[in-house]
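Peer 1: Got a structure here, written out as structure tokens. Questions coming.
The values are calculated or read from the model by the stated rules, or taken from the named source; none is laboratory data. Since this is a predicted model, take the numbers as computed values, not measurements. All Cβ positions, even for glycine, are placed from backbone atoms using ideal geometry, and neighbour counts span all protein chains on display.
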Amino acid sequence: MDSNGLCIFTLNYPIELILYMKMQKELRKFCPKCKTHTTQAVSTYKKGKDRKGAQGARRHAEDKKGYGGQKFPELKRTAKTTKKVTLKYTCKTCQRKTMKQGMRIRKLEIQA
């Protein structure tokens, strides 16, 4: 512990990036609604369609309008080589959907 009360750990092994991961389509996991372990279907979370009339979209369209070009600089190349994948679990008995926090991975393969 240092003077601020924070614990600082040093790792004596390199942190490896998971590039490819295979996962079962169904697995047994705790369901908070059933309060027991149940079989759950695994899928990846996908973002919904943007609303054209949302306040942020209207504000961005207003800023882009007319002379002066783009409000924010257009991205030439991406800095990251991976994307965060969020897993969505659906309980087979009660249909409750739970999500796991996104993990950085290059490719996720869900097997049958």
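Peer 1: Could you check how many residues of the range 89-104 are surrounded by 12 or more Cβ atoms within 10 Å (Cβ to Cβ) and under 10 Å from the mean Cα position of the chain (by Cα)?
Peer 2: Here the count works out to 4.
Peer 1: Would you confirm, using the coordinates I've provided, whether residue 82 is at pLDDT below 95, surrounded by 10 or more Cβ atoms within 10 Å (Cβ to Cβ), within 25 Å of residue 104 (Cα to Cα) and among the hydroxyl-bearing types (Ser, Thr, Tyr)? If you could, list the steps in order and put the result at the bottom.
Peer 2: On the way: at pLDDT below 95: yes; surrounded by 10 or more Cβ atoms within 10 Å (Cβ to Cβ): yes; within 25 Å of residue 104 (Cα to Cα): yes; among the hydroxyl-bearing types (Ser, Thr, Tyr): yes.
Answer is yes for this residue.
Peer 1: Would you please name the residue that is farthest from residue 45 (Cα to Cα), looking only at residues in the range 71-97 that are in contact with a strand residue (DSSP E or B) (Cβ under 7 Å, 6 or more places away or on another chain) and of a type in the set (Ser, Thr, Tyr)? Spell out the reasoning first.
Peer 2: Let us first name the residues in the range 71-97 that are in contact with a strand residue (DSSP E or B) (Cβ under 7 Å, 6 or more places away or on another chain), namely 82, 84-94, 96-97.
Within this subset, residues satisfying the condition of being of a type in the set (Ser, Thr, Tyr) are 82, 86, 89-90, 93.
On the way: 82: 16, 86: 6, 89: 9, 90: 11, 93: 20 Å.
Here the residue is 93.
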